[in-house]
Amino acid sequence: MVRLFLLPTLAALAATSCQGATETKVAATGIILEGTTQQVFQVKGVIKGLKPDGKTVEIRHEEIPNYMPAMTMPFEAKEPKELMGLKAGDAVSFRMTVTSSEVWIDQVRKLAPPPLTELPSRGTFRFVRDLAPLQVGDPLPEYRFTNELGQAVSTRQFSGQALAITFIFTRCPLPNFCPRMSSNFAEAQEKLGSLPNGPTNWHLLTISFDPDFDTPVILKAYSQRFGANAQHWSFLTGDQIDISAISEQFGQMFWRDQGAINHNLRTVVVDALGRVQKIFEGNKWTSQELVAEMVKAAAVKSGSLQR
Ligand SMILES: [Cu+2]
């Protein structure tokens, strides 16, 4: 009986895939709805956790061909009731809808449990330097990277400037994750550049945590996509151990799980004296909030206190 229902469903999915593949190179399993920029994907995964907001669920999902590698990431359900009765460890299928600025899931259905051999996934341990987390007020240590022009960059060279640092990887396809960090920085660049009597001593740093792929050439192309002005906004790659270290000091986590990159989000403001002033978590902060922090950070003067 069950099989009778399942087979047509699989046939329908297969038909969807073919249709998607002929219509767009972007998403073999996605459908571009006519007249919109929405893409819709059918995805399967395993729930890793549910957030207290009742809407956010962390799912380790399978690869979405030509769109996103397998990874663990938070999804927002369109309606909280979609997540009712679900718990960590449940295998689910769901529909993911991606627009130019948002992503959400619905039609979340519990599947039969996956075979035990598939679980648990590898742990999230990584070996990095033993470093203390950085708190507000702490001096930013010196780190050396390479920018999108292939030039050596040290965090020390931004002494006297307000510095904003965020972490991305250029292949991240989800509009509200890395691309949002970059579009927020683009907005902040625009706003800081056009403030009446605004500061000129400020710089934005976007650090890739996928240095194997994100070479200077890739970062340069990415910077152009976001209209970055190299005078005020640099894109950095470097040795994995340095990238891991600075990330970890701010609670920015990323790790590879079966080839996929998983990550959270951190954006940091360092004042003109090189001290951590603000750590934004997640993606809810606005470019306006960042600009306000940067103006404050740029105004900090060495004369105003004892070093
Ligand atoms: Cu991302």
(message) Can you tell me the length gained on complete extension of the stretch R95 to K110, counting 0.36 nm per residue apart and subtracting the Cα distance?
(response) 4.2 nm
(request) Work out the length of the dipole vector of the range 128-182 about its Cα centre, built from +1 on the beta-carbon of each Lys and Arg and -1 on the beta-carbon of each Asp and Glu, and round it to the nearest 20 debye. (result) 160
(request) Give me the number: length gained by fully extending K81 to I241, i.e. 0.36 nm times residue separation minus the C-alpha to C-alpha distance, one decimal in nm. (result) 53.4 nm
(request) Sequence neighbours fewer than 8 away in the same chain don't count; with that in mind, list the aspartates and glutamates whose C-alpha is under 13 Å from K51. (result) E76
(message) As I understand it, the dipole of the range 144-300 uses +1 on the Cβ of Lys and Arg and -1 on the Cβ of Asp and Glu, about the Cα centre. Which of S159, A260, L205 lies farthest toward its positive end?
(response) S159
(message) For a 26 Å ceiling on Cα separation, which of these pairs sit above it: K220/K301; K44/K78; K48/K278; K191/K296?
(response) K220/K301; K48/K278
(request) Averaging sequence separations of C-alpha pairs under 8 Å and six or more residues apart, then dividing by the length of the range 144-300, give the relative contact order as a whole percent. (result) 32
(request) Give a quick list of trypsin sites (Lys or Arg not before Pro) in the range 42-98 that DSSP marks as loop, anything other than H, G, I, E or B, with at most 13 other Cβ atoms within 10 Å. (result) K87
(request) State the antiparallel share, in %, of DSSP beta bridges confined to the range 30-114, rounding to the nearest 5. (result) 95
(request) May I ask what percent, to the nearest 5, of DSSP beta bridges between residues of the range 144-300 are antiparallel? (result) 60
(request) Enumerate the residues in the range 228-261 having an amide nitrogen under 12 Å from the point lying 7 Å beyond the Cα of R144 toward its Cβ. (result) 239
(request) Please state the charge dipole magnitude for the range 144-300, taken about the Cα centre, from unit charges on C-beta atoms (+1 on K and R, -1 on D and E), reported in debye and rounded to the nearest 20. (result) 240
(message) How much of the pair distance distribution for the range 155-307 lies past 19 Å, counting alpha-carbon pairs only, in percent?
(response) 51
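All of the numbers you see were taken from the coordinates with simple rules; none came from a lab. What you see is a predicted model; the values in this text were computed from it and never measured. For neighbour counting, all protein chains shown are included, and Cβ atoms are generated from backbone atoms with ideal geometry for every residue, glycine included.
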